Amino acid sequence: MSADEIQDYVIDMGPMGPIGEGEALILRVNHNCPWNRCLFCHVYKGKKFGYRNVSEIKRDIDVIRKIVNLIENASWDIGFQGRINREIMIETARRFPQIYGKDLFHPAQENALALSTLNNVANWLLCGAGRVFLQDANALIMRPDELVEVLRYIREIFPTVQTITSYARSKTCARRSLKELQALHEAGLSWVFVGIESGCDDILSNMQKGVKAGEHIDGGKNIRGAGIDMAAFVMPGLAGSDAELGKRHILETIEVLNAVRPNEIRVRSLAVQENSPLYSKWESGEFEPASEDQMIDEIEMLIKGLKFDCIIETLQMTNTLFNIKGRLSEIRGDILARIAEYKALSPLERAGLRLKKYLYDGYLAIVEGWGRFDSRLSQLVKEAIEGLEKQSTDAPQKIDRAIFAIKSKGVP
């Protein structure tokens, strides 16, 4: 089979889906990010935004349907009666070496792309084939009538789909009419994930977010008014080390959230990543990052200030004290109690707790797995451990420098 023929079993997939969408089928409706100027984000830098037309997207849906057939046939043939597991995926790949290659561990590039598509589809089937996530950033920038056509086609070809999700920008949501958004909801759009990050116009401007607090509110109200569920991302630490600006950042973010009342708030404490524009500003001294303790203070302020019930989700390892998900009304007390317990510790005890979290709870292991545990990071970790062991007065500063360096390597 030629490389061109193998492409009949490959769909276009982008680089990123949100945490919490591990059960979803990944379907790309555009390339990269139409804004792509946020200083803290590195994902699409150097890449050009591009629309995908409806026929291209439908072609990918048809490819997915074809791969579903291959997987289901393999399941029935070996006696699993249509049930799906990892063994079925491997069996499917082995049945078609002309598509997936003879060596599944060292495939050629064209075979690797086909295997990636197969894994995407098989994982989706394994999880019940109920969710679809539309890549890349801001799927709602697509013409509403065209996106409606895509949504309807997804549900026509895959009747098991119950939930379709996507990223969206507040500015785009603010520009869409309520009628357009309602049409998207009726066609199947269930959730949008919006990067609020901050409700402070000064910080939004500093970070080149390209939106103002008022547009966050207008866009969020449009989404909620259309019946679409909304998850809002907020970013403690985005104001940097300026405690007063950090307080404004959180208080004005609370104002936006209380006005919009999203179904879910996802807390993503800032990590200044090496390949982001913000890292360059840190290197030049233009941006001084918030301490870990300051970000905990900001989370405490956020939790105290929310005036409505919603899901709170902190399932990202940049959050120092907890990785949780639950209704605010049920977990607010536990969150605040845990923060109070942390604050009751001495500075050195708090630093030791932070270091333990980042060294031994999986973050550093992931960085090592990525091959990014370089000599500089190794030295910073060594200095942090030695400072803690000796209980030196500068141990907390050494520990925060090591944590900053670990987080700069990427965000799991």
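The values are calculated or read from the model by the stated rules, or taken from the named source; none is laboratory data. Remember, predicted model here, so these are calculated numbers, not experimental data. Neighbour counts run over all protein chains shown; Cβ positions are idealised from the backbone, glycine included.
Across segment 55-92, which residue is farthest from M13 (Cα to Cα) among those that are β-branched (V, I, T) and in a loop (DSSP other than H, G, I, E, B)?
I78
Please determine whether any residue of segment 330-344 is part of a helix (DSSP H, G or I), hydroxyl-bearing (S, T, Y) and under 22 Å from M207 (Cα atoms).
Of all residues in segment 330-344, those part of a helix (DSSP H, G or I) come to 330-343.
Adding the requirement that they be hydroxyl-bearing (S, T, Y) leaves 342.
Then drop every residue that is not under 22 Å from M207 (Cα atoms), which leaves none.
Checking segment 330-344: not a single residue is part of a helix (DSSP H, G or I), hydroxyl-bearing (S, T, Y) and under 22 Å from M207 (Cα atoms).
Would you point out the residue of segment 181-209, among those that are assigned to a helix (DSSP H, G or I) and polar (S, T, N, Q), that is surrounded by the fewest Cβ atoms within 10 Å (Cβ to Cβ)?
Of all residues in segment 181-209, those assigned to a helix (DSSP H, G or I) come to 181-187, 201-206.
From what is left, the residues that are polar (S, T, N, Q) are 182, 205-206.
Numbers: Q182: 17, S205: 13, N206: 19.
Looking at residues that are assigned to a helix (DSSP H, G or I) and polar (S, T, N, Q), I get S205.
Please count how many residues of segment 282-301 are closer than 19 Å to N206 by Cβ and either touching a residue at least 40 places away in the same chain (Cβ under 8 Å) or part of a helix (DSSP H, G or I) (or both). Walk me through how you get there before you give the answer.
Applying the first criterion (closer than 19 Å to N206 by Cβ) to segment 282-301 yields 282-291, 294-295, 298.
If we keep only those that are either touching a residue at least 40 places away in the same chain (Cβ under 8 Å) or part of a helix (DSSP H, G or I) (or both) as well, we get 282-283, 287-291, 294-295, 298.
Summing the residues that are closer than 19 Å to N206 by Cβ and either touching a residue at least 40 places away in the same chain (Cβ under 8 Å) or part of a helix (DSSP H, G or I) (or both) in segment 282-301 gives 10.
Does E146 satisfy the criteria of being surrounded by fewer than 17 Cβ atoms within 10 Å (Cβ to Cβ) and acidic (D, E)? First the steps, then the outcome.
Values: surrounded by fewer than 17 Cβ atoms within 10 Å (Cβ to Cβ): yes; acidic (D, E): yes.
When the stated conditions are applied, E146 passes them.
Looking only at segment 220-242, count every residue that is in contact (Cβ under 8 Å) with a residue 40 or more places away in the chain, in a strand (DSSP E or B) and surrounded by 24 or more Cβ atoms within 10 Å (Cβ to Cβ) and tell me the total.
Residues in segment 220-242 being in contact (Cβ under 8 Å) with a residue 40 or more places away in the chain, in a strand (DSSP E or B) and surrounded by 24 or more Cβ atoms within 10 Å (Cβ to Cβ): 1 in total.
Does Y360 satisfy the condition of being surrounded by 16 or more Cβ atoms within 10 Å (Cβ to Cβ) and hydroxyl-bearing (S, T, Y)?
For Y360, the condition - surrounded by 16 or more Cβ atoms within 10 Å (Cβ to Cβ) and hydroxyl-bearing (S, T, Y) - is not met.
Looking only at residues in segment 43-82 that are closer than 16 Å to T160 by Cβ and surrounded by 15 or more Cβ atoms within 10 Å (Cβ to Cβ), which one is modelled with the lowest pLDDT?
Initially, segment 43-82 is screened for residues closer than 16 Å to T160 by Cβ, giving 61, 64-65, 67-69, 71-72, 75, 82.
Cutting the leftovers down to surrounded by 15 or more Cβ atoms within 10 Å (Cβ to Cβ) gives us 61, 64, 67-68, 71-72, 75.
Numbers: I61: 98, I64: 98, I67: 96, V68: 96, I71: 95, E72: 94, S75: 90.
The qualifying residue modelled with the lowest pLDDT is S75.
Hey, does segment 278-296 have a residue that's over 28 Å from I366 (Cβ atoms), of a type outside the set (V, I, T) and buried (at least 23 other Cβ atoms within 10 Å of the Cβ)?
Looking through segment 278-296, none of the residues is over 28 Å from I366 (Cβ atoms), of a type outside the set (V, I, T) and buried (at least 23 other Cβ atoms within 10 Å of the Cβ).
Would you check if there is a residue in segment 323-342 being farther than 30 Å from R261 by Cβ and either touching a strand residue (DSSP E or B) at 6+ places or on another chain (Cβ under 6 Å) or among the hydroxyl-bearing types (S, T, Y) (or both)?
No, segment 323-342 contains no residue that is farther than 30 Å from R261 by Cβ and either touching a strand residue (DSSP E or B) at 6+ places or on another chain (Cβ under 6 Å) or among the hydroxyl-bearing types (S, T, Y) (or both).
Would you call L25 in contact with a Lys or Arg (Cβ under 9 Å, 6 or more places away or on another chain) and closer than 25 Å to N138 by Cα? Give the derivation first.
Numbers: in contact with a Lys or Arg (Cβ under 9 Å, 6 or more places away or on another chain): yes; closer than 25 Å to N138 by Cα: yes.
Here the answer is yes, as L25 does meet what is asked.
Within segment 131-139, is there a residue that is in the same structural domain as P18 (by TED's automatic domain parsing), touching a residue at least 12 places away in the same chain (Cβ under 8 Å), surrounded by fewer than 16 Cβ atoms within 10 Å (Cβ to Cβ) and out of contact with any Cys (no Cβ under 6 Å at 6 or more places or on another chain)? Before the answer, list the steps.
Step one: of segment 131-139, the residues in the same structural domain as P18 (by TED's automatic domain parsing) are 131-139.
With touching a residue at least 12 places away in the same chain (Cβ under 8 Å) added as a condition, the list becomes 131-139.
Imposing the further condition that a residue be surrounded by fewer than 16 Cβ atoms within 10 Å (Cβ to Cβ) reduces the set to none.
Within segment 131-139 (the criterion being in the same structural domain as P18 (by TED's automatic domain parsing), touching a residue at least 12 places away in the same chain (Cβ under 8 Å), surrounded by fewer than 16 Cβ atoms within 10 Å (Cβ to Cβ) and out of contact with any Cys (no Cβ under 6 Å at 6 or more places or on another chain)), the answer is no, since none of the residues qualifies.
Out of K212, K247, report the one residue that is of a type in the set (D, E, K, R), surrounded by fewer than 19 Cβ atoms within 10 Å (Cβ to Cβ), more than 19 Å from D309 (Cα to Cα) and under 22 Å from the mean Cα position of the chain (by Cα).
Among K212, K247, only K212 is of a type in the set (D, E, K, R), surrounded by fewer than 19 Cβ atoms within 10 Å (Cβ to Cβ), more than 19 Å from D309 (Cα to Cα) and under 22 Å from the mean Cα position of the chain (by Cα).
Has segment 383-401 got at least one residue that is in contact with a Gly (Cβ under 6 Å, 6 or more places away or on another chain), surrounded by 12 or more Cβ atoms within 10 Å (Cβ to Cβ) and of a type in the set (D, E, K, R)? Explain how you work it out, then say what you get.
Kept after step one, since they are in contact with a Gly (Cβ under 6 Å, 6 or more places away or on another chain), are these residues of segment 383-401: 388, 395, 398.
Add one more test, that the residue is surrounded by 12 or more Cβ atoms within 10 Å (Cβ to Cβ), and what stays is 388, 395, 398.
In the following step, the residues that additionally are of a type in the set (D, E, K, R) were identified as 398.
Checked segment 383-401: at least one residue is in contact with a Gly (Cβ under 6 Å, 6 or more places away or on another chain), surrounded by 12 or more Cβ atoms within 10 Å (Cβ to Cβ) and of a type in the set (D, E, K, R).
Could you list, in sequence order, the residues of segment 138-180 that are assigned to a loop (DSSP other than H, G, I, E, B) and touching a Ser or Thr at 6+ places or on another chain (Cβ under 9 Å)? It would help to see each step written out before you state the result.
Of the residues in segment 138-180, the ones assigned to a loop (DSSP other than H, G, I, E, B) are 138, 142-143, 158-162, 169, 176-177.
Scanning segment 138-180 gives N138, Q162.
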